[in-house]
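Step one of this worksheet: look at the structure below.
The values are calculated or read from the model by the stated rules, or taken from the named source; none is laboratory data. Here the structure is a predicted model, which means the values were calculated and not measured. Here Cβ is always computed from backbone atoms with ideal geometry, including for glycine, and neighbour counts include all displayed protein chains. Just the protein is used for accessible areas: all its heavy atoms, side chains included, with ligands, DNA and RNA removed. Shrake-Rupley method; radii C 1.70, N 1.55, O 1.52, S 1.80 Å.
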Amino acid sequence: MFRSNRCQLQEGHTNATGCILWCTLHHTGTGGTKPNISTIGADQFDEFEPKEKAHKLSFFNWWMFSIFFGTLFANTVLVYIQDNVGWTFRGGLPAVGLAISIVIFLAGTPFYRHKLPTGSPFTKMAKVVVLLYEKRACCPERS
């Protein structure tokens, strides 16, 4: 069973409340931002204009590059800083980067294209389930 080092106290006891809080914040942040930010970015481009359609593809290329570069940075540079400089400075760098990104996001919000929702998302999900059920016979069973 995977257990995070953040859940361990020095005496070897587990701080359940701290562990649950950390895991909740981590999973909410990770699961809540990545899919939503890429969707907001994709909504900024008009599919019916060829130039914007090309920019949309470029956006996703840069989006994935930034995700992977951030992972590489966190697993190399931040670990080096953590080992050689200290935990405080290592924790401060991502905090400063996050603060800068929030300021940029809030400054750009008035310029975003906001697409109004059409219909209920639950209806769309129900249609997918119905189609899956209806098409279950079209795929041969594997043996």
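List of remarks:
- Relative contact order (%) - criterion: Cα under 8 Å, at least six apart; region: the stretch 18-143: 18
- Rounded to the nearest 10 square angstrom, M64 shows an accessible area of 80 square angstrom against a 1.4 Å probe.
- H26 exposes around 80 Å² of accessible area when a 1.4 Å probe is run over every protein chain in place.
- Net +/- balance of residues flanking V129 in space, Cβ distance below 12 Å, scoring K and R +1, D and E -1: +3
- The trypsin sites (Lys or Arg not before Pro) of the stretch 47-143 meeting both criteria, a DSSP state outside H, G, I, E and B (loop) and at most 15 other C-beta atoms within 10 angstrom of the site's C-beta, are R113, K115, K135, R136, R142.
- Listed residues I104, I81 arranged by accessible area, highest first, probe 1.4 Å: I104, I81
- Computed from Cα atoms alone, the Kirkwood hydrodynamic radius reported for the stretch 24-96 is 14.5 Å.
- Listed by chain and number, the lysines whose alpha-carbon sits under 19 Å from that of K135, ignoring those within fewer than 8 places in the same chain, are K124, K127.
- The length gained on full extension between K53 and T17, counted as 0.36 nm times the residue separation minus their Cα-Cα distance, comes to 8.3 nm.
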